[in-house]
Amino acid sequence: MSGPPYHITARKGEVAERVVVVGDPARAEQLSRKLENPKLVSTNRGMPVYTGEYNGVGVSVATHGMGGPSAMIVFEELYMLGAKVMVRLGSTGGLLPEIEEGEVIIPTVATYLNTYGVLAAYAPGVCLPSAPSFDVLSKLVEKARELGVKHRIGPVLSNDAFYSESPDFAEFWRKKGAISVEMECAALFALGHLRGFKTGAALVVSNNVVRETPLLRAEQLREYVEKAGELVLKAITEVTP
């Protein structure tokens with residue numbers, strides 16, 4: 001597609017090379033408060049984008065909404081606007097009984113069904129590479145250890161249907177090796193390989209699917225997101241675009 005992005009109304013130069021992408025507008029606003037001199041550069045579609053600095057390095061925080069199709073539009077448009085590193089700070093449901101709410105999952109790969117809507121449209125009948133960039137992954141793990149953030153490292157599942165998850169679903173995917181489930185990482189990682197930008201993710205556990213624990217809401221996750229946000233910002237500013 002030629003021309004300026006259709007959905008993000010920021011102009012070229014208003015989005016930094018390093019972008020933290022989040023699903024929830026409230027999370028974007030929370031994270032923007034950690035930036036120096038944050039500026040709201042787009043509000044279209046209720047998905048705000050902020051740009052500022054962290055430790056003197058330019059960083060944007062962008063909202064991608066829920067699910068692969070919505071997120072992929074935002075990832076594509078951020079890339080059009082000059083983004084070279086995108087790290088998702090999201091939430092995830094634990095697929096192992098011992099995983100606790102508030103832990104951080106750092107994905108080594110995002111598996112998905114070959115019917116995963118958005119990637120099935122990009123590459124019909126083909127499973128695209130959906131692993132994060134190694135240097136981004138390494139830096140996220142390094143910062144999690146430095147900051148003492150309780151975390152796990154392993155494969156996650158990107159699933160299209162939020163309300164399809166159940167203990168049986170969790171057991172099936174646990175046996176396939178996934179340790180948590182979310183909706184957008186496979187889209188981000190695969191697009192990074194297709195377009196040539198770096199990717200990574202840090203996911204805060206909001207519930208345990210196996211034990212059917214209640215889903216923690218944004219205000220209940222705020223303290224955990226604060227710590228995970230610091231982890232992501234420290235990591236992304238030390239990665240070379």
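Numerical summary
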{"quantity": "Strands (runs of 3 or more DSSP E) (entirely within the stretch 34-104) containing at least 2 residues that are of a type outside the set (S, T, N, Q) and free of Cβ contacts under 8 Å to residues at least 40 places away in the same chain", "calculated": "36-42, 49-54"}
{"quantity": "Residues satisfying the stated conditions in the stretch 203-221, i.e. assigned to a helix (DSSP H, G or I) and over 16 Å from the mean Cα position of the chain (by Cα)", "calculated": "GLU219, GLN220"}
{"quantity": "Residue in the stretch 49-72 that is farthest from TYR112 (Cα to Cα), counting only those that are surrounded by fewer than 20 Cβ atoms within 10 Å (Cβ to Cβ) and among the hydrophobic types (A, V, I, L, M, F, W, C)", "calculated": "VAL57"}
{"quantity": "The stretch 141-196, residues that are assigned to a loop (DSSP other than H, G, I, E, B), at pLDDT 95 or above and touching a helix residue (DSSP H, G or I) at 6+ places or on another chain (Cβ under 6 Å)", "calculated": "VAL149, GLU184"}
{"quantity": "Close pairs (6 angstrom Cβ cut-off, 6 or more residues apart or separate chains): in contact (Cβ under 8 Å) with a residue 60 or more places away in the chain in the stretch 209-237, among the aliphatic types (A, V, I, L, M) and assigned to a helix (DSSP H, G or I) anywhere", "calculated": "VAL209/ALA170; VAL210/ALA170; ALA218/ALA26; GLY229/LEU31; LEU231/ALA144; LEU231/LEU147; ALA235/LEU140"}
{"quantity": "Count - residues of the stretch 142-153 that are farther than 13 Å from GLU230 by Cα and buried (at least 16 other Cβ atoms within 10 Å of the Cβ)", "calculated": "2"}
{"quantity": "Subset of the stretch 195-241 that is aliphatic (A, V, I, L, M) and touching a Pro at 6+ places or on another chain (Cβ under 9 Å) - its residue that is farthest from LEU128 (Cα to Cα)", "calculated": "VAL210"}
{"quantity": "Total residues in the stretch 27-48, condition within 25 Å of ARG217 (Cα to Cα), among the hydrophobic types (A, V, I, L, M, F, W, C) and crowded, with 17+ Cβ neighbours inside 10 Å", "calculated": "4"}
{"quantity": "Complete set of residues in the stretch 80-95 that are of a type in the set (A, V, I, L, M) and either at pLDDT below 95 or under 30 Å from GLU14 (Cβ atoms) (or both)", "calculated": "MET80, LEU81, ALA83, VAL85, MET86, VAL87, LEU89"}
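The values are calculated or read from the model by the stated rules, or taken from the named source; none is laboratory data. Keep in mind the model is a prediction, meaning the values are calculated, not measured. So basically every Cβ, Gly included, is an ideal-geometry build from the backbone, and we count neighbours across all protein chains shown.
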